[in-house]
Amino acid sequence: MNEKLSFTTLCYIENDDSYLMLHRVARENDINRDKWLGVGGHFEKGESPDECVLREVYEETGLILTSYRLRGIITFVSDEQDAEYMFLYTADRFEGTMNTWCDEGILEWYKKSRIKELNLWEGDRIFFKLLGEREDVFTLKLVYEGDILKKAVLGSDEMELFDIVDESGEPTGKIRERSLVHAYGDLHRTAHIWIVNKTDNGKYKVLLQKRSKDKDSYPGNYDISSAGHIKAGYSYDESAIRELQEELGIEAKVTELKRVGLSRIKCKSVFYGKDFIDNEVSMVYIYDKMVDESKLVLQASEVESVKWIDYEECLSELKNGKKGYCVRMEEFLMIGRYLGIVD
């Protein structure tokens, strides 16, 4: 293997509710130019990770760390530079007089609650989240094309990445990890597929899924027949077909999906003690091929069960505020208007 490997350390020094951040503005050809990072740098020959982080922190800040610990090992893969293995630390005690400037840029304390406002690498946002949630040492792999995050793998599990979009649903070029999208309230895309069958008496029934009790939002509630987020780089149609197959075992064709239109959603809730902001542009579909619910293959992690319900009966329950639904009235009326049930 001819590729050169790089080994570095990075440390976030804590003081009360703040981190010491380095604004990288000193060097014109710095790949981190204008980004905000912690402090650290490359290993010198023969150094251990601890020796490297202690030396780099002192050289850049003038501080001597007296309490620090390894928090993560990050693998960086990029189309513009050699692969890098970074040892991520935090420190909560130190001594000495801090510099305000080093040969990399400006040093400044920033409140943890405001870190998200800074110009950060998207992968850095992920490990800030992990630092706040985990006490164990984690491993994270981040793959970039230029400055765009294309893949993130936590341990052996690939994380979901979404395109951040404009009001028309067009990608802006920014890509962000799923939980951060919902924490920040970023506008992103979803596909909503309503399975509707006509009954013998000429009325319509809709298939509702009961969300798994382990879902990160609205656990145990009745919801759209099938729905899901659009992963970065994918289209509405591709995602709609995938969601039907994954959640219900339905092998549909794009030509069998009828586009009802775009639905705009913005609301804020709290689940498991955390803010959850739905800020979505959703493409709404109808799938009206006959479906036998007994033959569906339910994705256990997503769907607990399904049920058919008469459209007008469900509409009445939604209007009366019956609990146990997470169906938006505006979207349900879109379906009714498309079918000619409501004006």
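Worth a mention:
- Candidates are the residues of the stretch 138-173 that are open to solvent by 80 Å² or more (accessible area, probe 1.4 Å) and part of a loop (DSSP other than H, G, I, E, B); the one that is nearest to R125 (Cα to Cα) is D147.
- Residue check, D275 closer than 29 Å to V153 by Cβ, open to solvent by 20 Å² or more (accessible area, probe 1.4 Å), at pLDDT 95 or above and touching a helix residue (DSSP H, G or I) at 6+ places or on another chain (Cβ under 8 Å): no
- Restricting the stretch 304-320 to residues that are open to solvent by 50 Å² or more (accessible area, probe 1.4 Å) and more than 18 Å from G336 (Cα to Cα), the residue that is nearest to the chain's Cα centre (by Cα) is E304.
- Among (1) open to solvent by 80 Å² or more (accessible area, probe 1.4 Å); (2) part of a strand (DSSP E or B); (3) of a type in the set (S, T, Y) - the single one Y58 does not satisfy: (2)
- Within the stretch 89-125, restricting attention to residues that are among the hydrophobic types (A, V, I, L, M, F, W, C), more than 28 Å from the chain's Cα centre (by Cα) and open to solvent by less than 80 Å² (accessible area, probe 1.4 Å), the residue that is nearest to F7 (Cα to Cα) is C102.
- Meeting the requirement of 3 or more residues that are in contact (Cβ under 8 Å) with a residue 60 or more places away in the chain and at positive phi, no strands (runs of 3 or more DSSP E) wholly within the stretch 208-294 can be named.
- Condition check for K258: under 27 Å from R337 (Cβ atoms) and either of a type in the set (A, V, I, L, M, F, W, C) or open to solvent by 20 Å² or more (accessible area, probe 1.4 Å) (or both): yes
- Selection count, the stretch 174-213, where residues are closer than 30 Å to L120 by Cβ, small (G, A, S) and surrounded by fewer than 22 Cβ atoms within 10 Å (Cβ to Cβ): 3
- Any hit, the stretch 150-157, residues being acidic (D, E), farther than 30 Å from Y325 by Cβ and over 14 Å from the mean Cα position of the chain (by Cα): no
The values are calculated or read from the model by the stated rules, or taken from the named source; none is laboratory data. The model shown is predicted, which means the values in this text are computed figures rather than measured ones. With ideal geometry, Cβ positions are generated from the backbone for all residues, glycine too; neighbour counts draw on all protein chains shown. Accessible surface is based on the protein model in full, side chains and every heavy atom, while ligands, DNA and RNA are left aside. Shrake-Rupley method; radii C 1.70, N 1.55, O 1.52, S 1.80 Å.
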